[in-house]
Amino acid sequence: MKPTFATTRLILRPARREDAANLLELDRDPEVRRFVDQPEEPTMPLMEAAIGRVLAIDAADARIGFWMAEFEGRFAGWFHMKPPREGEPMEPGDMELGYRLHRDLWGRGIATEGSRALIRHAFAELAAPRVIACAMVENRGSTRVMEKLGMQPWRTWTGTRRAGGAWSAITYALAR
């Protein structure tokens, strides 16, 4: 069974099928999508498929995957702790931290608070040697969260935006 985490202000809980509607509302905000190279507005079928993938990850290993965040009784966004994506340089056992929050919650320390809970989980329960996190270089809000977590810049890389043009990203790392 997937653990639930409680922080001072957040509940990080397992995903449920009905969270597709929450994800749709979150990702309808173009500012939320701006730093994740998702130029198109999502649809309910896409979000239902995304929740299906999240639930499959959770079923394969309840210790990793995605947690839905609740703040003051409402859906706030999500966090993940899972093996790094394909092609990302890593050490065996490394874990990747990620998050996405509603824009009205940015700058309130929520990303830092939820991330700390999952970093503790990665080191204590998963015995991860290192946690990494990636953000577009221009996403100063996320890179600042990584710095507050004690993560250090590790590498930068570039890619091509789906809507055209290039982007630069930075990976931060924190060793156990």
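Each value in this text was obtained by applying a stated rule to the coordinates, not by laboratory testing. Just so it is clear, the structure is predicted and the values come from calculations on it, not from any experiment. Positions of Cβ are generated from backbone atoms using ideal geometry, with glycine treated the same way; all protein chains shown enter the neighbour counts.
Figures for the structure shown
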{"read-out": "Whole-Hz ³J(HN,Hα) from phi, Karplus 6.51 cos²θ - 1.76 cosθ + 1.60, for the range 120-127, glycine and proline x", "value": "4, 4, 4, 7, 7, 9, 9, 6"}
{"read-out": "Within the range 13-31, backbone nitrogen closer than 17 Å to the virtual label 7 Å beyond the Cα of Asp104 toward Cβ", "value": "22-31"}
{"read-out": "Whole-Hz couplings from phi, Karplus 6.51/-1.76/1.60, listed for the range 166-176; x for Gly and Pro", "value": "9, 9, 10, 10, 10, 10, 9, 9, 9, 8, 5"}
{"read-out": "Label selected from (i) 1.29; (ii) 1.04; (iii) 0.93, the criterion being Rg/Rh (Cα atoms, Kirkwood Rh) as computed here", "value": "(iii)"}
{"read-out": "Neighbour-limited loop hits for GluC sites (Glu not before Pro), the range 68-118 (at most 10 other Cβ within 10 Å; DSSP other than H, G, I, E, B)", "value": "Glu72, Glu86"}
{"read-out": "Ranked list, fewest to most other Cβ atoms within 10 Å of each Cβ, for Trp78, Trp154", "value": "Trp154, Trp78"}
{"read-out": "Under-5 Å amide H pairs with Ala76, H placed in peptide plane, nonlocal only", "value": "Ala69, Glu70, Phe71"}
{"read-out": "Theoretical ellipticity at 222 nm over the chain - DSSP helices of four or more residues, -39500 (n - 2.57) apiece, nearest 500", "value": "-9500 deg cm²/dmol"}
{"read-out": "Percentage relative contact order, the chain, counting C-alpha pairs under 8 Å, at least six apart", "value": "19 percent"}
